[in-house]
Each structure stands twice: as structure tokens, then as C-alpha cells.
Amino acid sequence: MSDESIDVLLSEGRTFPPPPGFRERALIGDTSLYDHAERDLDGFWLDQTRRLVGWFQEPETALEWEPPHCTWFRDGRLNASHSCLDRHVEAGRGDRIAYHFVPEDPDEPHRAISYAELLEQVCRTAGALRELGVGKGDVVGIYMGMVPELPVAMLACARIGAPHVVVFGGFSSASLGERLEGTGARLLVTQDEAWRKGAAIPLKAIADEAAELAPSVQGMLVLRRTGADVTMREGRDHWWHDAVERQAATFEAEPVEAEHTLFCLHTSGTTAKPKAAVHTTGGYLTYASATHRWVFDIQDGDVWWCAADVGWVTGHSYIVYGPLNNGATSVLYEGDPMHPSPARHWQIIERYQVTQYYTAPTLIRAFIKAGSEHPEAHDLSSLRLLGTVGEPINPEAWVWYWKTIGGGRCPVVDTWWQTETGGIMIAPLPGVTTAKPGSATRPLPGIRAEVVDDQGNPVAAGRGGYLVLRRPWPGIFRTLYDDDARYVGNYFERFGPETYFAGDGARVDEDGCFWLLGRIDDVMNVSGHRLSTIELESALVEHPAVAEAAATAAPDALTGQTPLCFVLLRSGYEPSDQLAAELRDWIGEKIGKIARPKAVIIVSDLPKTRSGKIMRRLLRDIAEGHELGDTTTLRDPAVVEEIKQKADEVLAASR
């Protein structure tokens, strides 16, 4: 066996079984799903799709696999919009609330949108798209804020069989134009402006610049949100209220094959040309719906809130397609989680009696920094389950979330998955699994995950290595748009065509629980020891002064690389050289001298995207003295200059 595994030096021993009474009320309270999937994988997924999805023609075939390519339910026919909307209305559930829309402005009226109302708006929008020349197979770009018309536009595209490409509303015109042109989008749906932290973001102006870079875009449908004056090009641009509201309230859904493309969604393009993952209708809808029900224990009467952005895959799967296909009631919040105060999310949970809340570790750490007094001032007793997504969660943040937000009574489901997987792959089933802070625990039913070394051999329990998936699942993306060679090369070349390489490091403990160690690119080599940045960050967050941390590697003539850490302090703590030195020693005590960083740098903020993810690539650029890459997606680009100046001073003093 190769020695090229990742050293794991930090341990976590706390365990949290399902809370008393939860298992008895849970949708899944035993291991029968796992057993069925292992006994008969095809039969298992056929059973799930027939239970969860509204098919026009039910499939008789499950998986067809010619590694690395696969299909699911190839002989079935359906329409995602029909499955998400029509069948609920036809079953007499049209009055059920699909979305509680919460505008960013606290003084603006909220909207409750029923399934019947949502269906009507989707039908009218589908009619407008058809009138504007969009047909089955035509790609439609969507560039909007978090307004109800965003899922309406997605479902309208699905209704006519037009694949959609949603681009996050924080991207620049260059990033938007590249994504539109790369997928050949024929029409772009956008809005005049979007609200963010009380400021108006000029989406239409950005879209106009992007359209100059994407000649494939022949039309634009524009929602009026703020009422700002915007330029409307004659013949190309059409107001939503003109084009949509005059359409008929009914529009027949187009039956499509199960393998018909539902959408393309770009993975990170910060270091290379962005990759457009292609997801197809039948398998994706099945997987998003099943995982939504299993992991979050979705039951009638629940109020579900996924506090992500629809511009990312989390929003596609767990704000739009999974919840709507399951007939759930969701909260849809337009704005920034800290606007106008850090109490905004807790106010919303209290008002709508939210039962399941799903957010990112980055935001949890921001809440910790803001102080526990904000959630403690609100009644959060409606909550019965908490979830995390986006990156591994530090154990101390997990425990704070469980105790402060969940009151010590709610299971916490830490989920691992990717844009490419379409849905959650590794996570606790809350009525079955004993949770461990910082661990995503076990692969879901039907998923076969392993941790391997450089040669593809399984590593011993407790050792770190590369996370791989050994067989297909319905939600797996089918290819990269117009670039199948890159699909094969990036994901299936390293360990063979039957093995999906996730690009993440992980370890499996003696109980079979998976611990994610971050992207392989974030592993550093210190004197021959391969250390994960996640471990350093988790150790720092255990210190009572630290709210959030990010680690990267700096070059070192003696050790090859050495850790360099950046921290945000909790309220009540002041930056000082003494505290920075104390934090450096703290890591040495918690992990070992080999992990003690060159320096711990206290900063006012970390470089984060508008969705809240830390851009560790920029920290790596700073540590290595490279020219900074693209910063257009940052929430506050000025933060990078502050960090760079402080890091340059520290690194210069140590040379």
C-alpha cells in the first residue's frame, strides 16, 4: 500500500444518538432502506422513483452502465414541472403553501404562494417563453435574485423541455457572459435590480454587458423588482409583467424522456474554465426528492427552510425540485442573513414556525461571532432538525449549533455532496444514525463510498485519503456540457472508469463514519506529513476567542510547506500579538508541534463569496506570493488587500 495518505492528528469523541422520541416519530427509524439497496439496487431505485415522482410512463429499467457513463430510468417519460406542481393540485393540495416569500426589507409585505398559484404562474411564464421562441431543447439562462419568479422561471423552462442555466446573482458580467455563451443560451431571464444588504444590485445592467459577450442570447425577459430605470433594447428585451401576465393560466407540460437534460449548472470557475454539469430529469428528480425526505425527515405540516441561494446546486435540489416534488412548504428569503441585524434568521424561524433549518458552517460561525444573544431572544422551539452544507463543519461550531439553535433537542445532519452529485451522498439519517460533531457519518442508502490511497487501495481506519464513489446513483451528472472528454478526465481517469473521484480528502473511523478533510488542493505537506486545513481550522475554532478560521500553506525552505492561519475573533475579544501567539501555541497543543503554524493572523473578515464560502484559493495565492486571481465574486474585495498586507508583513519578518 502507498504511504500517500493524509495524516489525521485531531480526534473528536463526542456522540449524539437520535434524541428521545425522535426515532419513534421519524419517517425512517431502522436500517431497512440500506438493506433493500444492498440486496437489490435496481429494484430499490425503481421503488423509490415510483413512490416519489409523477411519471407519465413509469420506467421498467433502472441503471444502465457503460463506465463511466450511465443512464437511469431510460424507458420512462415525465415532466419535472408536472411532478412538482400539477399532481399536487390535482390531488386536492392546491391550497397548500409552496413558499412563504420573505423580502429583504422587513417593512415590505411577505407573500404566501400556494401550489395552485405557483402552477398558474409557471404556466403563464411557460407561455411567455414559448411566445419568445423558446422550444424543447433550447437553453435558457436565468440571472436573478432570490425572488419567487426564480423558481417560477426554472419550472417554466422544465415545463416546455428547455434546459435552464441558473447563474448566481453575485457573478460579474464576464462570468455571466462566459456561462451563457458556453451553453449556447438562447434567452436570458433577469430582473431590473436585486436587493442585497439594503443596496440595489444592477442585474439588468450586468446582463446587458454579459449579452455583448454571448451572441447566442437573442432575447431577454426582465422582471421589475425595484422599479429602477433600466435600458430596454427594442425587439430583444421584454418586461415580465407584459409578456407573462397576458398568457393563459394553463399550459400543458411537455412529456420528456427520463434522460432529457433538466438543467446545466456550473461548478467553481475560480481556477479554470467553469464546468457546466449536465443533470437529467428522471434520475435527478428522484434523487433530490428521496434525499430531501430521508435526511430531513420531511413530513406533512413541516415548514422547511434551506437558507441557500438558488444560484447554487443546494438551492436547485433543496429549495426548488426536492421540496416541491415532495409537496413541502418552504421559506424563501430574498436577502442577506445579517440584514438589517444578525437576528433576521431567528425572526423568520419564529414567525413561520420553521421545523427544519439547513445552512452553511460559514454562516453558523458568523452567527457565533455575532453573539448568542440574538437567537436566545427568539422562540426557536418549532425547530426539530438542523442541517449543514457546503463544507465540513468544525466540531465546536456543530455543538454550538446543536445547543444554541436546536436547544439540545434537534438532530444535526452534516451533509456531504457536490454540484456533480445532484444531492446529498453522505449524511446521518436522523432517526437512525448516532451523530458525531464534525462527521458527515455514513453514505446514504444505495451509495458506496470509500477512502483510498494514491493507488486506489482502501486506507486503514483512521487514516486520511481520497474520497471515491464506487457505483452510480440516480442524481449523478451525466457529462460536462459540450466537453465529455473533460468529464472523463477530471472524474474517472485517476482511479478507473468505474470509480468517481470526488476531489476531496476524507477518513473513515473505526465505526465506519466519514470525516471530510476538504479539497485535496487544500492539503499541505509539512516535513513529509500531509495535513488537512480542516483540522487546523477546527482546532482554532475550539479556542474561546475564535469565531472563524481559515488555513493555507506557505512555502518554507526547511519543511517544504508550513501552515499559515487567519482568524476572526468573537465579540468581546481584541486583536493583539499576545493572542496571536497564544493561538499559534494552541494548535501545537491540540494537534502537535508539526502543525504549529508559521503565524496566526487576526483579520477583520475572510475573503468570502456572496454565498458565504471562504475563497481559500486567494489565501493560498497570498501565502505563496502569487498574483491574486479573480475576485469578482467576493462579498467585499477590500478584505483581500487587508489580509495581503498583514500576511506580507508576517512573511517578510520570518524570512
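Quick note: the coordinates plus some simple rules give every number you see, no bench work behind them. Only a predicted model underlies this, so the values are computations on that prediction, with no experimental measurement involved. Here the Cβ positions follow ideal geometry from the backbone for every residue, glycine too, while neighbour counts run over all protein chains shown.
Evaluated at q = 0.09, 0.14, 0.17, 0.22 Å⁻¹, a Debye calculation over the C-alpha positions of segment 433-578 (equal weights, vacuum) places log10 I(q)/I(0) at -0.38, -0.83, -1.07, -1.34. Taking amide H atoms as placed 1.01 Å from N in the peptide plane, the amide H of Ala98 lies under 5 Å from those of Ile113, Ser114, Tyr115, each 5 or more residues away in sequence or on another chain.
Remark: Thr329, Thr190 ranked as Thr329, Thr190, counting other beta-carbon atoms within 10 Å and listing the fewest first. Counting beta carbons within 10 Å around each of Trp417, Trp305, Trp65, Trp240 and listing the fewest first gives the order Trp65, Trp240, Trp417, Trp305. Counting neighbouring Cβ atoms within 10 Å and putting the fewest first, the residues Trp72, Trp416 line up as Trp416, Trp72. Between the residues Met232, Gly137, Pro637, the greatest Cα displacement towards the positive end of the dipole of the chain, with unit charges on the Cβ of Lys, Arg, Asp and Glu, is found for Pro637. About the centre of its Cα atoms, segment 22-506 shows a dipole size close to 700 debye [charges on the beta carbon of Lys, Arg (+1) and Asp, Glu (-1) only; nearest 20 debye]. Per-residue 3J(HN,Hα) values for segment 538-546, derived from phi via the Karplus relation 6.51 cos²θ - 1.76 cosθ + 1.60 with θ = phi - 60°, read 5, 5, 5, 5, 5, 6, x, 8, 9 Hz in sequence order (x marks Gly and Pro).
Taking Cα atoms of segment 530-654, Rg/Rh with Kirkwood Rh, to two decimals? Taking Rh as the inverse mean 1/r over Cα pairs, Rg/Rh reads 0.93.
Within segment 296-377, the proportion of Cα pairs with more than 15 Å between them is 58 percent. In segment 32-91, the ratio of gyration radius to Kirkwood radius, Rg to Rh, stands at 1.04 when only Cα atoms are counted. Residues in segment 170-184 carry Karplus couplings, in order, of x, 6, 6, 5, 5, 5, 5, x, 4, 6, 5, 5, x, 9, x Hz; the curve used is 6.51 cos²θ - 1.76 cosθ + 1.60 with θ = phi - 60°, and Gly or Pro positions show x.
Amide H contacts of Ala194: Ile201, Leu203, each under 5 Å away and 5 or more positions distant or on a separate chain (H built 1.01 Å from N in the peptide plane; Pro and chain starts excluded).
The residue among Ala205, Gly169, Leu155 whose Cα reaches farthest toward the positive pole of the charge dipole of segment 142-248, with charges on the beta-carbon of Lys, Arg, Asp and Glu, is Leu155. Rounded to whole Å, the principal axis extents of the Cα atoms in segment 77-200 read 46, 43, 21, largest first. Just so you know, the averaged projected area of the alpha carbon convex hull for segment 1-148 sits at 17.8 nm².
Dipole orientation for segment 1-138: of the candidates Pro17, His36, Tyr99, Tyr99 has the Cα lying most toward the positive pole (charges on Cβ; Lys, Arg +1; Asp, Glu -1). Would you work out the Kirkwood radius for the chain? I mean one over the mean of 1/r across all pairs of different Cα atoms, in Å. Here the Kirkwood hydrodynamic radius works out to 25.3 Å. DSSP bridge analysis restricted to the chain gives an antiparallel fraction near 60%, rounded to the nearest 5.
Backbone amide hydrogens, once placed in the peptide plane, bring Asp414 within less than 5 Å of Thr388, excluding anything fewer than 5 places away on its chain. For segment 107-156, the spherically averaged projection of the C-alpha convex hull amounts to 4.2 nm². For segment 195-200, the Karplus equation 6.51 cos²θ - 1.76 cosθ + 1.60, evaluated at θ = phi - 60°, returns couplings of 8, 8, 6, x, 9, 8 Hz by residue, with Gly and Pro reported as x. Its convex hull of Cα atoms gives segment 181-318 a direction-averaged projected area, equal to a quarter of the hull surface, of 11.9 nm².
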